[in-house]
Amino acid sequence: LAKTTQPISMDSYEGQEVNITCSHNNIATNDYITWYQQFPSQGPRFIIQGYKTKVTNEVASLFIPADRKSSTLSLPRVSLSDTAVYYCLVGVYNQGGKLIFGQGTELSVKP
Amino acid sequence: GAGVSQSPSNKVTEKGKDVELRCDPISGHTALYWYRQRLGQGLEFLIYFQGNSAPDKSGLPSDRFSAERTGESVSTLTIQRTQQEDSAVYLCASSLQVASSTDTQYFGPGTRLTVL
């Protein structure tokens, strides 16, 4: 079971790029890395997923170094609406393991 | 349906009463998950279903908690003899295939449970 560690909170301003790093030292060979976003009073929402190197979609980029012991979610030019909690997720269920979301990173975007 | 739905959206109950929370997953999704989120906290995994089978129930906090699922459809989470520490938002999610980190989980809006 891969445990993840993220900063508890981060502050940013509108228009800036935000990078949130997640540590997962005991990631398994078949684990993917997934990031979710949660707004207040809503369930989490999938943002991006990757296995190695770099993945980019319309919302974010995900950078994963060769050793895969960490990953960085990059949000370009954040706006006030990006204020949310961001969770890094690593692990598998199908062998009886549990997926743990952890505390997440609370991102606050200011004008 | 268009997404995962949960009912009720809010539930206020008295300590000692039983409550039943319902989750309707996205049609065709094999895997279904229950999480608990206390105020200001991260998500706490409770249980997941593969079809109507629950391979791992060890995340359930106590024997007052139980869950069942009918086929690959509705799931109910039952809390007996509720306690104040059960107050939280209970989130349900579903995913298309086998439960793994590669599957995107689609979450419902949650049920906010308040035990007085």
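Bear in mind that the values in this text are calculations on the coordinates, not laboratory data. Treat the numbers as computed from the prediction; the structure is a model and nothing was measured. Cβ coordinates were reconstructed from backbone atoms using ideal geometry, including for glycine residues, and neighbour counts include every protein chain displayed.
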Matching residues in segment A:14-34 - criterion: being part of a strand (DSSP E or B) and out of contact with any Ser or Thr (no Cβ under 8 Å at 6 or more places or on another chain)
none
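Okay, residues lined up against (1) surrounded by 13 or more Cβ atoms within 10 Å (Cβ to Cβ); (2) assigned to a loop (DSSP other than H, G, I, E, B); (3) in contact (Cβ under 8 Å) with a residue 60 or more places away in the chain:
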{"residue": "B:GLY16", "(1), (2), (3)": "no, yes, yes"}
{"residue": "B:GLY28", "(1), (2), (3)": "no, yes, yes"}
{"residue": "B:PHE45", "(1), (2), (3)": "yes, no, no"}
{"residue": "B:LEU60", "(1), (2), (3)": "yes, yes, no"}
{"residue": "B:SER66", "(1), (2), (3)": "yes, no, no"}
{"residue": "B:GLY71", "(1), (2), (3)": "no, yes, no"}
{"residue": "B:THR82", "(1), (2), (3)": "yes, yes, yes"}
{"residue": "B:ALA93", "(1), (2), (3)": "yes, no, yes"}
{"residue": "B:ARG112", "(1), (2), (3)": "yes, no, yes"}
Matching residues in segment B:30-42 (in a strand (DSSP E or B) and among the charged types (D, E, K, R)) number 1
Report the residue count in segment B:1-14 for those that are charged (D, E, K, R) and outside any strand (DSSP E or B).
1
Residues of segment A:11-33 being closer than 11 Å to A:TYR86 by Cβ and within 14 Å of chain B (Cβ to nearest Cβ), in sequence order, are A:CYS22
Between a residue in segment A:55-69 that is without any contact (Cβ under 8 Å) to a residue 60 or more places away in the chain and any residue that is part of a loop (DSSP other than H, G, I, E, B) and among the hydrophobic types (A, V, I, L, M, F, W, C), which pairs come within a Cβ distance under 8 Å, given they are 6 or more apart or on different chains?
A:ARG68/A:ILE27; A:LYS69/A:ILE27
Do you know which of the residues in segment B:95-110 that are over 13 Å from the mean Cα position of the chain (by Cα) and in a strand (DSSP E or B) is surrounded by the most Cβ atoms within 10 Å (Cβ to Cβ)?
B:SER95
A careful count of residues in segment B:33-43 that are aliphatic (A, V, I, L, M) and either surrounded by fewer than 18 Cβ atoms within 10 Å (Cβ to Cβ) or away from chain A (no Cβ under 11 Å) (or both) gives 1
Among (1) touching a residue at least 12 places away in the same chain (Cβ under 8 Å); (2) away from every other protein chain (no Cβ under 11 Å); (3) in a strand (DSSP E or B) - the single one A:GLU106 does not satisfy
(2)
